[in-house]
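As structure tokens, the structure follows; a few thoughts come after it.
The values are calculated or read from the model by the stated rules, or taken from the named source; none is laboratory data. Since the model is a prediction, treat every value here as computed from it, not as a measurement. Glycine gets a Cβ as well: all are built from the backbone with ideal geometry, and neighbour counts include every protein chain shown. All accessible areas refer to the heavy atoms of the entire protein, side chains included, with ligands and DNA or RNA removed. Shrake-Rupley method; radii C 1.70, N 1.55, O 1.52, S 1.80 Å.
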Amino acid sequence: MIQLIKGFKDVLPGEIEVWQTVERAAKETFENFGFQEIRLPIVEKSELFSRSIGDTTDIVEKEMYTFEDGKRGHVTLRPEATASVVRSYIQHKMYAQDPIRKFYTIGPMFRRERPQKGRYRQFYQIDAEVFGVDSPYLDAQLIFMLATLLERLKAKDVKAHINSLGCPCCRPNFQKALKELLDSKKEHLCENCLRRSEKNPLRVLDCKVPSCREAVKEAPSILDHLCDECRDHFETVKRVLTENGVDYEVDKNLVRGLDYYTRTAFEVLTTSLGAQNAVAGGGRYDGLVKALGGPEIPAIGFAIGFDRLAEIVAMQQTIEATGPTLYIAPLGEKATEAAAHWTMQLAARGISCETDFGGRSLKNHMKRADKLKATHVLMIGDDELEKGQATLRNMTTREQEDLSLDGLVETLAERLK
Ligand code: ATP
Ligand code: MG
């Protein structure tokens with residue numbers, strides 16, 4: 001028997017109800033905040049990711065699913081969505097119409113990571129990106145939107161962590177100070193971090209190896225090195241979050257794994273998922289649109305780990321599948337054909353409806369209706385068909401009533417709407 005590949009998974013009925021609830025809540029929330037949905041390809045040229053995510057990141061160094069595609073050269077299964085959203089924004093010159101655009105997109109991402117609980121090789125993200133706004137009010141609004149979604153999903157044990165990564169004018173000073181500390185801690189750093197501390201010391205702060213985490217505890221704070229503009233920006237973000245009741249914590253060692261972030265960076269962490277505790281991450285990336293060949297347009301975004309969010313929601317509430325509104329229980333061949341007709345007509349009119357063609361007894365029909373969690377059952381035998389009437393039973397109140405077959409579909413459509 002062929003089994004699915006480790007790190008990949010099937011989302012089946014039983015679990016899918018939570019996924020649908022999360023997806024609906026995300027769409028509704030983001031649309032309330034003025035976002036539009038876009039859908040983008042899963043495969044892009046590899047260069048898009050190596051240029052935007054950065055050659056020194058784990059993702060580009062070792063996690064991408066890349067293959068050769070004839071004349072197209074190397075292509076990659078997208079490991080995240082931002083690069084593609086930016087590519088699309090630039091390619092379609094969306095800024096020409098109106099530089100301010102707000103998009104969200106939901107779909108699978110691929111990273112060749114070590115599979116474990118909460119960490120898959122195909123996972124899903126809900127991604128939101130805003131272009132053309134450099135105001136700190138937007139940064140706060142985006143974090144507020146994320147908090148609103150989590151609140152609507154009744155996700156408990158989640159908290160926003162925020163930091164500022166400065167900008168190209170103040171970050172180098174910090175990098176220098178950090179580098180000095182890292183040089184003094186060389187014997188405690190993992191091999192990757194020894195390399196990172198040369199190329200991109202900030203990324204050492206993001207390392208999950210315990211000895212590295214310990215070593216950076218004494219790291220200088222980037223917040224002490226911000227230029228006036230970046231400091232004002234960060235102060236405003238914090239003030240607006242506080243004014244709007246968002247519970248957050250400043251975390252001086254929070255950096256994003258991706259190279260293109262500037263200023264505000266944030267993560268939503270949970271205490272309920274063990275080691276894989278990041279539910280969402282995002283931040284400002286004012287330089288990326290230009291770096292990918294577009295005009296100088298600021299941008300900010302975040303990605304929610306769909307799988308992890310769904311897991312939290314599932315732990316904290318039960319979301320069950322709803323059954324059909326109506327189950328039609330036919331007794332006899334003619335009644336079964338009539339049931340087939342009515343089922344199709346009612347389903348086409350938007351009433352969720354089920355029947356069974358197998359010639360069951362009434363008792364077995366009722367068992368099946370129960371199993372499907374139907375709220376109503378229509379009982380019809382060949383005899384009743386002759387007499388021109390059927391019996392409708394409300395499965396909750398157990399009340400029954402006889403309905404005329406004349407205009408039955410309309411009557412039921414009206415009654416069960
Ligand atoms: P982590 O620190 O857990 O590796 P990350 O910083 O690599 O996360 P991002 O690139 O910021 O993650 O992606 C945003 C979110 O996507 C994460 O907060 C997480 O919830 C989710 N995510 C990332 N990688 C995976 C994965 N392999 N499996 C499941 N979810 C993931
Ligand atoms: Mg990661």
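Geometric descriptor of the stretch 203-357, per residue, is 233 Å³ (volume of the convex hull of the Cα atoms). Let me have the relative contact order for the chain, percent, based on Cα pairs under 8 Å that are six or more residues apart. 15 percent. Within the accessible surface of the stretch 85-127, defined with a 1.4 Å probe on protein heavy atoms only, the carbon and sulfur portion equals 47 percent.
Computed over the stretch 1-89, the percent of Cα pairs more than 23 Å apart is 46. Here LYS27 is the anchor, and the aspartates and glutamates within straight C-alpha reach of less than 18 Å, apart from those fewer than 8 places off in the same chain, are GLU17, GLU37, ASP127, GLU129, GLU151, ASP307. For the stretch 297-341, the percent of C-alpha pairs falling in each 10 Å distance bin, counted from 0 to the bin holding the largest distance, reads 19, 21, 16, 16, 19, 7, 3. Across every pair of non-identical alpha carbons in the chain, the mean reciprocal distance, once inverted, gives a Kirkwood radius of 24.8 Å. On full extension, the segment bounded by LYS334 and TYR137 gains 64.3 nm, given 0.36 nm per residue less the C-alpha separation.
On a per residue basis, the chain carries 50 Å² of accessible surface, using protein heavy atoms and a 1.4 Å probe. Multiplying the residue separation of ASP10 and GLN276 by 0.36 nm and removing their Cα-Cα distance gives an extension gain of 93.8 nm. For the stretch 21-42 and the stretch 84-126, what is the centre-to-centre distance using only Cα atoms, to the nearest Å? Between the Cα centre of the stretch 21-42 and that of the stretch 84-126, the gap is 12 Å. As an exercise, use a Förster radius of 56 Å and the Cβ-Cβ distance of GLU198 and LYS373 to find the FRET efficiency, rounded to the nearest 0.05. The value I calculate is 0.40. The Cα-based radius of gyration of the stretch 149-264, divided by its Kirkwood radius, gives an Rg/Rh of 1.02. Run the accessible area of the stretch 139-239 with a 1.4 Å probe and give the carbon-and-sulfur part as a rounded percent. Carbon and sulfur atoms account for 49 percent of the accessible area of the stretch 139-239. The simple Förster model, with R0 at 60 Å and r as the Cβ-Cβ distance, assigns SER184 and GLU320 a FRET efficiency of 0.60.
Result for the chain in a Gaussian network model with C-alpha springs under 10 Å: among LYS208, LYS367, LYS93, the largest mean-square fluctuation is at LYS367. The order of the peptides 344-350, 64-70 by mean Cβ neighbours within 10 Å, most packed first, is 344-350, 64-70.
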